[in-house]
Each structure stands twice: as C-alpha cells, then as structure tokens.
1. Using θ = phi - 60° and the Karplus relation 6.51 cos²θ - 1.76 cosθ + 1.60, list the HN-Hα couplings for the stretch 41-54 in order, rounded to whole Hz, with x at every Gly or Pro.
2. Let me check against my output: what whole-number percent is the relative contact order of the stretch 7-110, with C-alpha pairs under 8 Å and at least 6 apart?
3. Helix 60-70 versus the longest principal axis of the chain: what is the Cα-based angle in degrees, 0 to 90, to the nearest 10?
4. Is it possible to state the helix-based mean residue ellipticity at 222 nm for the chain, with each DSSP H run of 4+ residues giving -39500 (n - 2.57), the sum divided by total residues, to the nearest 500 deg cm²/dmol? What is it?
5. Using the Cβ atoms and a cut-off under 10 Å, what net charge is assigned to the surroundings of Arg80, where Lys and Arg are +1 and Asp and Glu are -1?
6. In the chain, which longest range has no GluC sites (Glu not before Pro) that are both DSSP loop (not H, G, I, E or B) and surrounded by at most 13 other Cβ atoms within 10 Å?
7. Around Leu58, which amide H atoms from residues at least 5 apart in sequence, or from another chain, sit under 5 Å from its own amide H, with H modelled in the peptide plane?
8. I need Met1, Met52 ordered by Cβ neighbour count within 10 Å, fewest first.
Amino acid sequence: MTILLANYALPRHPIENQSVRVILQNVVVGAKATIRRIDQDHANAKCKWQEMGAPEYLDTGALAELHTSSCLQSEAQACRYRGRVLELDIELPPLAVSAISVRFPEHMRG
C-alpha cells in the first residue's frame, strides 16, 4: 500500500509545517513502512545547485552531483502498534510531498 501526502497552499496563502497521523485498522503486527520525500532537504537538485553558487555551466562532476541529489531515497518510517491498529506519524514541511509505502507480512497478502 502506498499513501501519498502533500503540503501545499494556494498562491499568497500561508503555509506551515504539518503533522500527519495515518491510522490503519485491523493490521497484524509485522507490517513495515518506508518513506520517500521531496522537500527542501530531500530529492532537491535546485537547492544543491544553489549551494554550488547557481553556476550557469556545469561540468560532468557537478551534473553527477545534481543527479544524485535529485534521486528519491527510501528511509525506514517508524510504526507504532496499538492492538491491531498501526499508526504512522509524518512531518511535512511546506511544499513537501511524501510517499509512505506499507508492506504487510506474507500471510496477510491475498
């Protein structure tokens, strides 16, 4: 299962960090979750380019560095169980997108 979250606002409207709690019911213990993010600190080649001084021309090394900084990385996402309820807490900074993948134990798949 993949859960997609985004923190956006209309132009000229305020935006701030958002805390999201995802609750899945009737889940057997053993599910694992990972998260992939696009935000200021994740999968953000523009930020890396600006850190380089916003060069007009890039050499091969700089292009490789920008490519690497643009790639999505999967990270473990903490899961909390309360009986058969799985809870995931996610922090979304402004203008962020997060994809949370939940994998269930083999015996739960149909």
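1. Coupling constants for the stretch 41-54: 10, 10, 6, 10, 5, 4, 4, 4, 4, 5, 4, 6, x, 6 Hz.
2. The value is 49 percent.
3. Approximately 30 degrees, to the nearest 10.
4. The helix contribution divided over the chain gives -4500 deg cm²/dmol.
5. Net charge in that neighbourhood comes out at 0.
6. No qualifying site falls inside 57-110, the longest such stretch.
7. The answer is none.
8. Taking fewest neighbouring Cβ atoms as first place, the list is Met1, Met52.
Read the figures in this text as sums done on the coordinates, not as results from a lab. Since the structure is predicted, the reported quantities are computational estimates derived from the model, not experimental observations. Here Cβ is always computed from backbone atoms with ideal geometry, including for glycine, and neighbour counts include all displayed protein chains.
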